[in-house]
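A short write-up of the structure that comes next.
The values are calculated or read from the model by the stated rules, or taken from the named source; none is laboratory data. Bear in mind the structure is a predicted one, so any value in this text is a computation, not a measurement. For neighbour counting, all protein chains shown are included, and Cβ atoms are generated from backbone atoms with ideal geometry for every residue, glycine included.
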Amino acid sequence: MRIAVTGGNGDMGRNLIPYLLGQNHTVVSIDRALPATRTQGVDNLIADTRDFGQFVASIRGCDALIHLAAIRAPVNHPDPVVYADNTIGSYNALSAAATLGIKRICMASSINAIGGAFSRSPRYDYFPVDEQHPTYAEDPYSLSKWVLEQQGDAFARRYEWMTIASLRFHWLVGERAVAVQNTNAMGAIAIHHLWGYTLLNEASRSCLLSLTADFTGHEVFYIIAPNTPIDQPSAKLAHDHYPQTEIRKELANNAGFFNCAKAERILGLKHQEN
């Protein structure tokens, strides 16, 4: 396939593009600037995903689209900018794909689509969290990711030939050791986002699987490591920090707080830990 990747210069893009090339695909990498070095098999284009015309021109001739470009946290930018940039970019991604007849779209969502790391006091109704959990998003970044998913639902209703995946990634790291080393130092942030992480290699693998898996319409998937990166038992963490939250499935040992069974069932992805 010829696959367009927005945000190709970012951390995720720099991991994803070599993976796609290794799987014998060609890539159109789209960002606001050219990368420092060029890679064979990659067409690098400058485009602003907030500009619909530029977006359409940049992905013309592609078979699939992976939309990564976004402001990644509600810091360093005013709240309205975070929300507007992210939601306009995701809408343009879907609209540009629909305009050009591109059937397969993957979008980078976040565990924060339901609220979490950036919430004042996160609310989780049950553990482990699955894709049916309601949203309590309150900050502009988290709200933008929830809206991204609602946009996916809307386009799938309007264009029944489109297949759209929204992948809820966590803290993206290159290896588990990084998560182990840094989680304890995070303090309240780790508590808010439920002590999780996503390996970059597994995130890349999930993107490609979402473009080839046998499903229709729009689906949301958690892509999270199966275990927390800390030694404390998960059941104790839940008891100490979320005593009112219902436990629907045993949190044995350091089991993760997110249910990723849907990704394994539909995408064929079982997140590896190393």
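Scan the stretch 249-257 and give yes if some residue there is crowded, with 17+ Cβ neighbours inside 10 Å, in contact with a Gly (Cβ under 9 Å, 6 or more places away or on another chain), closer than 13 Å to ASP125 by Cα and of a type in the set (Phe, Trp, Tyr), otherwise no. Talk me through it step by step, then tell me what you get.
Going through the stretch 249-257, the residues crowded, with 17+ Cβ neighbours inside 10 Å turn out to be 251, 254-257.
Of the ones still in play, those that are also in contact with a Gly (Cβ under 9 Å, 6 or more places away or on another chain) are 256-257.
Applying the additional criterion that residues be closer than 13 Å to ASP125 by Cα yields 257.
Narrowing the set further to residues that are of a type in the set (Phe, Trp, Tyr) leaves 257.
Yes, the stretch 249-257 contains a residue that is crowded, with 17+ Cβ neighbours inside 10 Å, in contact with a Gly (Cβ under 9 Å, 6 or more places away or on another chain), closer than 13 Å to ASP125 by Cα and of a type in the set (Phe, Trp, Tyr).
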Condition (residue is in contact with a His (Cβ under 9 Å, 6 or more places away or on another chain), in a helix (DSSP H, G or I), in contact (Cβ under 8 Å) with a residue 12 or more places away in the chain and hydroxyl-bearing (Ser, Thr, Tyr)) applied to the stretch 75-95: is it met by at least one residue? yes
Against the conditions (1) at positive phi; (2) at pLDDT below 95; (3) touching a Ser or Thr at 6+ places or on another chain (Cβ under 7 Å), where does TRP195 fall short? Just the number, please. (2)
Scan the stretch 28-42 residue by residue and report those that are touching a Ser or Thr at 6+ places or on another chain (Cβ under 8 Å) and surrounded by 16 or more Cβ atoms within 10 Å (Cβ to Cβ). VAL28, ILE30, ASP31, VAL42
Scan the stretch 97-139 for residues that are under 15 Å from ARG168 (Cα atoms), surrounded by fewer than 17 Cβ atoms within 10 Å (Cβ to Cβ) and not polar (S, T, N, Q) and jot them down. ASP130, PRO134
So how many residues does the stretch 209-231 have that are more than 20 Å from ASN274 (Cβ to Cβ) and either among the hydrophobic types (A, V, I, L, M, F, W, C) or part of a strand (DSSP E or B) (or both)? 8
Quick test for you: out of ILE223, ILE189, pick the one residue that is over 15 Å from ASN254 (Cβ atoms), crowded, with 22+ Cβ neighbours inside 10 Å and of a type in the set (Val, Ile, Thr). ILE223
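Given the structure, is LEU34 in a loop (DSSP other than H, G, I, E, B), of a type in the set (A, V, I, L, M) and touching a residue at least 12 places away in the same chain (Cβ under 8 Å)? Full working, then the answer.
Values: in a loop (DSSP other than H, G, I, E, B): yes; of a type in the set (A, V, I, L, M): yes; touching a residue at least 12 places away in the same chain (Cβ under 8 Å): yes.
Yes.
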How many residues are part of a loop (DSSP other than H, G, I, E, B) and either among the charged types (D, E, K, R) or touching a Pro at 6+ places or on another chain (Cβ under 6 Å) (or both) when one looks only at the stretch 232-270? 7
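What number of residues within the stretch 138-187 are touching a Ser or Thr at 6+ places or on another chain (Cβ under 6 Å), assigned to a helix (DSSP H, G or I) and of a type outside the set (Gly, Ala, Ser)?
Looking only at that region, the number is 6.
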I'm trying to understand the selection: among the residues of the stretch 94-113, which are in contact with a strand residue (DSSP E or B) (Cβ under 7 Å, 6 or more places away or on another chain) and within 27 Å of ALA261 (Cβ to Cβ)? LEU94, LYS103, ARG104, ILE105, CYS106, MET107, ALA108, SER109, SER110, ILE111, ALA113
